[in-house]
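Working notes, structure below.
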Amino acid sequence: MIGSILYYALYPLSRYMTSRRLHAVTWRVWEKVDESATAAEPLPFTNASMDFTVMSYNILADDLLQANQELYTHCPLEVLDWSYRCSLLLEEIQKWEPDILCLQEVQENHYHQQLYPALSQMGYTCVYKRRTGTKRDGCATCYRSSCFSEVSVATLEFFRPETELLDRHNVGIIVLLRPVVMNGSVVKAKGPPLCVANTHLLFNPRRGDVKLAQLAIMLAEIGSVIKSCNAKGEHCNLILCGDFNSIPSMPLYQLITTGELYFQGLPAWMISGQEDLSHRAYGHRLCVPLWPSSLGITDRCQHTTAYKEESKSRSQKSGKGQYSHDFMRQLRFCPTACIRPLDLQLIPGVTDITPDASSVNQPDKSFSHTISHRLDLESVYQHVLPGSGNPEVTTLHSEGGSTVDYIFYSRRRSATWDPSAGAFAIRGLKLIGSLSLLSEDVLWSMKGLPNDIFPSDHLSLLARFQLDLNAV
Ligand code: KL2
């Protein structure tokens, strides 16, 4: 406890989170975003708003703990016991009271026997999706029925027997919610739709190609959900969270946060940047196309039909003698894929490798060398601790710690006056706070993970957002 107070007293304040309110001083602290340091505008006073909290948490399935015991040899046996971990987990959820809870590694029998009964008692409505294949864990997305009404649910299976590349059994859940403010049983106000996507991508550090294809399926499905809202004249905000088994600033992360990735020639193991470089011997390099057209997903991570409709309406709208987007993309060499993080060991010819630009003019028309998406996403966490600049970690076991879990959200855009609604239309979510993560050193000072405070080999991620409401 004292360590935590000192920790925050010793470090200079960051640009991003200068105003701190200590809600709880048990290792992790609640950090309030300083509005004056961000570009987000305050809500115009004519608009009512609603705050809500999102937690993303890989809770370490007991089956996986048993299967990988060598990762937990630093732990006293009692902290590995599922019933002990389960009670700590439920206490943690009760303490932070997230309005939306996205869990990964939820073992099916534990979900039905313990988690679902407890969570529904706490007021959550839950959606569960077990992985395909033989492993018994999966994802669960839960939301407080008092704050959200459910519009639609889609569960995703990334295993596609007809596509050779997609032979791994990972899943995702997409829930479309309508934020509501109730007065008794009467709806007092409601907000624009909120799409909540939760996933646990493939672990295998060698198979970045599979991870990218799994992510593309997720992004395409999210795109369809958002498009269905747009078709009704509504803007849809997005929360994309989970365990991506990829570290910050590496290609998969770059794709999510910058909206594009030049992948040609990248070694598959480099996509996620997971630290285990013993896999670098796996020589597979990415090339066009990343996945077959039979998957029905374009290089813009959209369903093929959605893309065709959009191109049609774009060409009808512009009609000017401009160069096509595909043509422009062939002319550029996107640098985002070429960045080697400072903490990645330099191995000449391996970690300093850049994509192969020599084959840029290959005649494949349907799939370019850059994959992209149009969801405007930002990460809640900045991946370094304020002041010290030490990396934050979201997971740690005997082989080390890293960030692989994220909460991404629709970036806040300026308010514009919407005359038809007689109100300011505000796109995106405003981040108002998050629960601090910890460094690897601090976690080892607590004897690593799991321990008698944190019940998983991952920490929970927790963020609070504000959204604009329209009075009913
Ligand atoms: O990295 V994870 O833990 O997000 O916390 O996701 C996977 C790994 C999870 C689901 O497959 O199981 C863990 N070495 C380390 N961890 C492993 C291994 C392994 N060989 N296999 C599975 N996991």
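If you check His110, His169 for being within 16 Å of the ligand (Cβ to nearest atom) and either at pLDDT below 95 or more than 23 Å from the chain's Cα centre (by Cα) (or both), only one passes: His110. Criterion applied to Thr125, Thr132, Thr141 was being more than 16 Å from the ligand (Cβ to nearest atom), closer than 20 Å to Asn245 by Cβ and polar (S, T, N, Q), and the one residue passing it is Thr141.
Can you pull out every residue in segment 214-252 that is farther than 22 Å from Thr141 by Cβ, part of a helix (DSSP H, G or I) and touching a residue at least 12 places away in the same chain (Cβ under 8 Å)? Steps first, answer last, please.
The initial filter retains those residues of segment 214-252 that are farther than 22 Å from Thr141 by Cβ, namely 230-233, 247-251.
Next, from what is left, pick out any that are part of a helix (DSSP H, G or I): 230-231, 251.
Residue satisfying the conditions is Pro251 alone.
For segment 95-107, a tally of residues being more than 16 Å from the ligand (Cβ to nearest atom) and hydrophobic (A, V, I, L, M, F, W, C) returns 3.
State whether one or more residues within segment 75-94 are under 21 Å from Arg28 (Cβ atoms), over 21 Å from the mean Cα position of the chain (by Cα) and within 16 Å of the ligand (Cβ to nearest atom).
Initial filter on segment 75-94 (under 21 Å from Arg28 (Cβ atoms)): 75, 79, 84-94.
Next cut, over 21 Å from the mean Cα position of the chain (by Cα) only: 75, 79, 84-88, 90-91, 94.
From the residues that got through so far, the ones that are within 16 Å of the ligand (Cβ to nearest atom) too are 75, 85.
Yes.
Within the option set Leu459, Leu443, being touching a Ser or Thr at 6+ places or on another chain (Cβ under 7 Å) and within 16 Å of the ligand (Cβ to nearest atom) holds for one residue only, Leu459.
Of the strands (runs of 3 or more DSSP E) that lie entirely inside segment 69-151, those containing 3 or more residues that are of a type outside the set (S, T, N, Q) and farther than 29 Å from Gly401 by Cβ span 124-130.
Looking only at residues in segment 148-159 that are in contact (Cβ under 8 Å) with a residue 60 or more places away in the chain and surrounded by fewer than 18 Cβ atoms within 10 Å (Cβ to Cβ), the one that is farthest from the ligand (Cβ to nearest atom) is Ser152. Within segment 244-285, restricting attention to residues that are within 15 Å of the ligand (Cβ to nearest atom) and out of contact with any Ser or Thr (no Cβ under 9 Å at 6 or more places or on another chain), the residue that is modelled with the lowest pLDDT is His279. Any residue at all in segment 372-380 that is within 16 Å of the ligand (Cβ to nearest atom), modelled with pLDDT of 95 or more and of a type in the set (D, E, K, R)? No.
The values are calculated or read from the model by the stated rules, or taken from the named source; none is laboratory data. Given the structure is predicted, the values throughout are model-derived calculations rather than measurements. So basically every Cβ, Gly included, is an ideal-geometry build from the backbone, and we count neighbours across all protein chains shown.
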